[in-house]
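**Student:** After the structure tokens below, expect a handful of questions from me.
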Amino acid sequence: AQSVAQPEDQVNVAEGNPLTVKCTYSVSGNPYLFWYVQYPNRGLQFLLKYITGDNLVKGSYGFEAEFNKSQTSFHLKKPSALVSDSALYFCAVRDNGGFKTIFGAGTRLFVKA
Amino acid sequence: DSGVTQTPKHLITATGQRVTLRCSPRSGDLSVYWYQQSLDQGLQFLIQYYNGEERAKGNILERFSAQQFPDLHSELNLSSLELGDSALYFCATSLAGSTDTQYFGPGTRLTVL
């Protein structure tokens, strides 16, 4: 069965510093991996996805993520955090033989000025 | 704005009642997904429809049902409501396949009193 884990409930970072939000996954086949962001009282917004190809994926708002097959991870990164990046971040996985998308529990990011 | 619309935005009802939530997809999207977001359960996949047919089922209760109509809008019906059904209900839509990005609506906040 598919599963996805976001080991940190919350990540705190100072503005201007690099940020990492962690995600690990488990699927039976090849994974399709996604990151979404949710701002208060809003729906989820797509940031980036990995389907195949280059392990480093670049997405919206300066975010990127690295697919690591051996560690079954897909960590979200940004070189320089902004206060406006403060939000709830979700990692999601779907295996290439199925249709269900499983979301992680979410990681709340706080960026302090 | 994702292009996905959901109505109503808020719904307050009593235990034992039945409600219908509506989702209109982005132009061209054939797949509709329903999710429930609550504080203790996170984002839970409920059900997916593709071009009018049910494609995948997640943790959807028997009291809940959904359908997708010929014009591709979808409705989620929740019956015999319980206090624990209070949550945010999101729909998301995508073009079709499993690699496609899901675009989320703004959600319907259901409060059961």
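The numbers here are math on the coordinates, done by the rules we state, and not lab data. These numbers come from a predicted model, not from an experiment. Backbone-built Cβ (ideal geometry, glycine too); neighbour counts: all protein chains shown.
**Student:** Sort out for me the strands (runs of 3 or more DSSP E) sitting completely within the range A:8-97 that have 2 or more residues that are crowded, with 17+ Cβ neighbours inside 10 Å.
**Tutor:** Passing ranges, in order: A:10-14, A:19-21, A:24-26, A:31-38, A:44-50, A:64-68, A:73-78, A:87-95.
**Student:** Being within 14 Å of another protein chain (Cβ to nearest Cβ) and of a type in the set (Gly, Ala, Ser), is that true of even one residue in the range B:62-70?
**Tutor:** no
**Student:** Which of the residues that make up the range A:32-47 are among the aliphatic types (A, V, I, L, M), closer than 19 Å to residue B:4 by Cβ and more than 9 Å from every other protein chain (Cβ to nearest Cβ)?
**Tutor:** Residues satisfying the conditions are A:37, A:47.
**Student:** Can you tell me which residue in the range B:1-16 is nearest to residue B:90 (Cα to Cα), limited to those that are surrounded by fewer than 20 Cβ atoms within 10 Å (Cβ to Cβ) and aliphatic (A, V, I, L, M)?
**Tutor:** By that ranking, first place goes to B:11.
**Student:** Next question, about the same structure. So in the range A:94-113, with the set limited to residues that are closer than 15 Å to residue A:21 by Cβ and among the β-branched types (Val, Ile, Thr), which one is nearest to the other protein chains (Cβ to nearest Cβ)?
**Tutor:** Taking the candidates together, the pick is A:107.
**Student:** Of all residues in the range B:27-53 being small (Gly, Ala, Ser) and either within 8 Å of chain A (Cβ to nearest Cβ) or touching a residue at least 24 places away in the same chain (Cβ under 8 Å) (or both), which is surrounded by the most Cβ atoms within 10 Å (Cβ to Cβ)?
**Tutor:** Per the criteria, the residue is B:31.
**Student:** Does the range B:88-106 contain at least one residue that is away from chain A (no Cβ under 13 Å), among the small types (Gly, Ala, Ser) and touching a residue at least 24 places away in the same chain (Cβ under 8 Å)?
**Tutor:** no
**Student:** Listed residues B:19, B:112; which is buried (at least 18 other Cβ atoms within 10 Å of the Cβ), touching a helix residue (DSSP H, G or I) at 6+ places or on another chain (Cβ under 6 Å) and farther than 20 Å from residue A:102 by Cα?
**Tutor:** B:112
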